[in-house]
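Data first, discussion second: the structure below is written as structure tokens.
Bear in mind these aren't lab numbers, they're just calculated from the coordinates by the rules spelled out. Because the structure is a prediction, the values reported are computed rather than measured. Please note: Cβ atoms are built from the backbone with ideal geometry, for glycine as well, and neighbour counts cover all protein chains shown.
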């Protein structure tokens with residue numbers, strides 16, 4: 001499905017993070033067919049597929065006796081080498097090649113040969129227990145459950161095992177009753193609650209579901225790698241207007257008045273993007289013509305908190321969008337080497353624990369200051385899911401730090417920069433934002 005020339009990389013020769021998809025479902029539910037259809041539609045991308053069946057453990061002598069007597073449960077999670085599967089997924093996420101085991105079901109052990117799998121844009125891992133294992137689920141960007149009627153699955157399994165595995169109907173039904181069905185009820189069926197998408201797959205293929213899945217994958221592949229990793233990260237859509245304003249801000253020859261003007265423009269767009277993530281409720285009003293209009297009402301209980309002093313440059317945009325909004329302030333003492341240690345000053349609304357909070361800081365660098373400010377809000381009783389961190393520019397180290405530490409905090413930025421240099425400055429960056437804004 002791919003060749004080395006199709007593997008995308010980001011600046012600095014760092015391999016792109018692949019988009020990891022897990023496909024689970026009961027035995028003979030159609031998982032492999034769903035994977036094949038996805039791969040066919042992503043023919044212009046580099047796609048590889050891993051099977052859970054490759055990661056069965058080599059059985060010990062006692063287990064071997066049970067397996068030869070058809071008395072070993074291969075549908076239980078303990079039958080798998082979960083750590084080996086996890087290791088392979090993590091290496092692929094790092095853009096490294098892996099050697100996939102080849103399991104010999106005749107000897108119930110791994111063959112000496114392995115299958116080499118190179119880095120790819122999309123990695124699909126398929127198996128009945130993929131969504132039942134928490135450590136595997138945590139690695140996935142998309143989780144799919146193929147849902148097929150129990151009677152249909154049993155009929156398919158009987159047909160498959162009799163035709164391709166030389167078994168008789170009675171033995172297939174006995175194994176299904178003793179092991180397959182109990183494992184499905186205990187592990188596989190309940191794992192559907194972890195799925196992002198449940199695909200009904202009966203006698204005919206669900207083409208609509210496959211089309212929607214592949215279009216979503218294509219959309220994600222066009223986005224920045226970090227958006228694939230963190231669901232709580234959003235980057236505003238880029239266009240020539242946004243790129244033009246960033247060009248002016250980043251130009252060291254830009255005058256103070258121009259810097260302020262275009263920073264305010266981006267801040268306004270950023271605040272509008274943040275407000276779009278707040279809850280709304282339906283509201284019906286009467287227009288001047290006497291007609292009813294069904295609209296929505298803005299969320300109540302909102303406030304802003306700026307990180308002094310650069311964050312104060314974003315307050316005007318917030319006030320323009322939300323009349324009379326309360327705005328608090330937090331001052332974090334930045335020590336050398338980019339470390340943030342002490343909260344020097346804070347002034348927050350007394351009822352902030354009941355509010356949604358827009359936390360304002362134009363540049364997210366190492367993430368130390370942002371994490372300190374977020375922790376202050378949490379200590380004041382603000383719910384993590386009610387905090388939205390708004391920044392004009394974000395560097396990858398800061399994104400990793402904030403999104404990992406606070407996965408329910410929404411981080412919204414207008415552009416992701418490349419890195420942080422040895423002086424703890426964002427690259428390419430915008431310089432000292434507060435100095436340039438306030439001259």
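Within the range 51-71, list the residues whose amide N lies under 12 Å from a label point set 7 Å along Cα→Cβ of residue 106. It comes to no residues whatsoever. Here 161, 149, 351 are placed in order of increasing Cβ neighbour count within 10 Å, fewest first, which gives 351, 149, 161. Taking a spot 7 Å from the Cα of residue 115 along the direction of its beta carbon, which residues of the range 49-64 have an amide N less than 16 Å from it? Answer for the range 49-64: 49-57.
Between the helical axis of 207-221 and the longest alpha-carbon principal axis of the chain there is an angle of about 50 degrees. Shown for 310, 255: other C-beta atoms within 10 Å of each C-beta, ranked fewest to most, produce the order 255, 310.
The gain in end-to-end length when the residue 36 to residue 333 segment is fully stretched comes to 101.5 nm, 0.36 nm per residue minus the alpha carbon separation.
Please give the helix 256-275 orientation as an angle from the longest Cα principal axis of the chain, in degrees from 0 to 90, rounded to the nearest 10. Relative to the chain, helix 256-275 is tipped by roughly 40 degrees.
Projected label points at residue 197 and residue 173, each 7 Å from Cα along the beta carbon direction, are separated by 3.7 nanometres. Each of 406, 103 has some number of other Cβ atoms within 10 Å of its Cβ, and from fewest to most they run 103, 406. The simple spin-label model puts a point 7 Å past each Cα toward its Cβ; for residue 284 and residue 186 those points are separated by 5.4 nm. Against the chain, whose longest principal axis is taken from its Cα atoms, helix 368-379 shows a tilt of about 90°.
Once the Cα-Cα distance is subtracted from the 0.36 nm per residue extended length, the residue 44 to residue 277 segment shows a gain of 80.5 nm. In the frame of its principal axes, the chain has Cα extents of 82, 62, 41 Å, reported largest first.
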